[in-house]
1. Over 22 Å between Cα atoms, which of Lys55/Lys88; Lys88/Lys123; Lys142/Lys223; Lys123/Lys254; Lys176/Lys210 qualify?
2. FRET efficiency for Asp104 and Glu15, Cβ-Cβ distance as r, R0 = 22 Å, nearest 0.05?
3. Work through the residues other than Ala91 whose Cβ is under 11 Å from its Cβ and net out their charges, Lys, Arg +1 and Asp, Glu -1.
4. How much of Glu205 can a 1.4 Å solvent probe reach, expressed as accessible area in Å² and rounded to 10?
5. How compact is region 17-155 by the rule of thumb for globular proteins, expressed as Cα Rg over 2.2 N^0.38 Å?
6. Any idea which of Val238, Ser160, Ala16 is furthest toward the positive side of the dipole for the chain, if Lys and Arg beta-carbons carry +1 and Asp and Glu beta-carbons -1?
7. Leaving out ligands, DNA and RNA, what percent of the accessible area of the chain is carbon and sulfur, probe 1.4 Å?
8. Keeping every protein chain present and rolling a 1.4 Å probe, give me the accessible area per residue for the chain in Å².
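The values are calculated or read from the model by the stated rules, or taken from the named source; none is laboratory data. Just so we're clear, the structure is a prediction, and the values are computed from it rather than from any experiment. Methodologically, a virtual Cβ is constructed for each residue, glycine included, from the backbone with ideal geometry; neighbour enumeration extends over all protein chains shown. These area figures cover heavy atoms from the full protein model, side chains too; ligands, DNA and RNA do not enter into them. Shrake-Rupley method; radii C 1.70, N 1.55, O 1.52, S 1.80 Å.
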Amino acid sequence: MAVDGHTLEFCLAEEADFEEVMSISGDVYGGIDYLPVRYHAWIRDPFRRVILAKKKGQIVALVSANIVDNGHTAVFEGLRVAPLERGKGIAGLIQGYCLNLVKDQFPEVKVHRYTKSGQLAPKILTKFRLICKQEVLSVQFKAEDIRPKLEAAVAQLKESGKEWEDPVLLGASDAKRVFLSPRVVDGVLPGKTIIQDWVPYRPLESNLKKLVSQDFIWMADDKEEPTVLSVGTAPYRVPLGTGYHRLNIDIFGKQFPRARNQLLAQLQQGVSTLEVPIYCLLYFEPSMWQDMLSFCQTALGLHKDRDFEGQNLLEADM
Ligand SMILES: CC(C)(COP(=O)(O)OP(=O)(O)OC[C@H]1O[C@@H](n2cnc3c(N)ncnc32)[C@H](O)[C@@H]1OP(=O)(O)O)[C@@H](O)C(=O)NCCC(=O)NCCS
């Protein structure tokens, strides 16, 4: 395959490619790229392939396929093309190469999924099914500044009597049981999928086993009859600026007051021991957008940082 008259070559990424990959990633996601903290683990993961495209020996693109759902799904993540090489079809070419490699090496993979922000061009929907859409609210704050605001907001809700119920922290075995229960799968999860920091997983024992072994915070409004659930990442470093950490809180369910309570409890857990600037991404059911935005503004003094225009989960057969 040629781009600008030069052959495009594909290979598996190695640990030693890290610096060069970072050099093409400067503007990715406006400074909140997760790849710097995940790259080395990705390279070592036997259920993942990280592919590079090279032109004249230089890295010009990366994409990764994460094999999940008992080996039936390839989730594409991390796609990026070097800024000066965009608009030449390289994203399509590297994804095509990666798809063929997955078909070859993981023949049991039946579908290909990825999550994407923003409005969907009609062309995408000719190739992919839209499984579900979550809203994305991005806010920034300093951990030490938000703590007293969270305390005050919880105290006010407690005083109001009816509005506050303590969210329940779920340990590994409860998280597995709750997220695998048919009531949650059918009635609470968007598109019957657990989306954790943009990565979609079907609620299957093997996925839950992997997920609960990581340092995530799992919560429910009720352990036995949950209507709202959430999963928060431990904050991780991002390139945005000195000390910047990214915190992701995925909330599932449709009842705003309960989702808001989970948000407060997740934030309290997430920022409890930090003194750093945080870029926080909240994902939730689209019908709650206005309520969530006003609550963040009025009770916590937070403002929407950038417009993601939603998180779409897309799927196509292999
Ligand atoms: C988005 C990006 C990878 C597109 O690269 P590009 O080489 O300029 O894209 P091209 O216009 O050449 O290729 C478009 C192809 O990639 C696909 N594509 C574009 N954006 C995509 C995305 N976010 N996820 C998956 N595929 C995407 C298009 O559907 C199209 O496929 P087709 O050729 O089969 O129709 C590039 O702009 C980039 O690196 N942006 C910064 C990182 C980023 O936002 N990545 C998206 C992660 S979801």
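1. Over 22 Å Cα-Cα: Lys142/Lys223; Lys123/Lys254.
2. The computed FRET efficiency comes out at 0.40.
3. Value of the local net charge: +2.
4. 110
5. Values: Rg = 18.1 Å, N = 139, 2.2 N^0.38 = 14.3 Å.
Against the empirical 2.2 N^0.38 Å value, I get 1.26 for region 17-155.
6. Ala16
7. Carbon and sulfur atoms account for 52 percent of the accessible area of the chain.
8. The answer is 45 Å² per residue.
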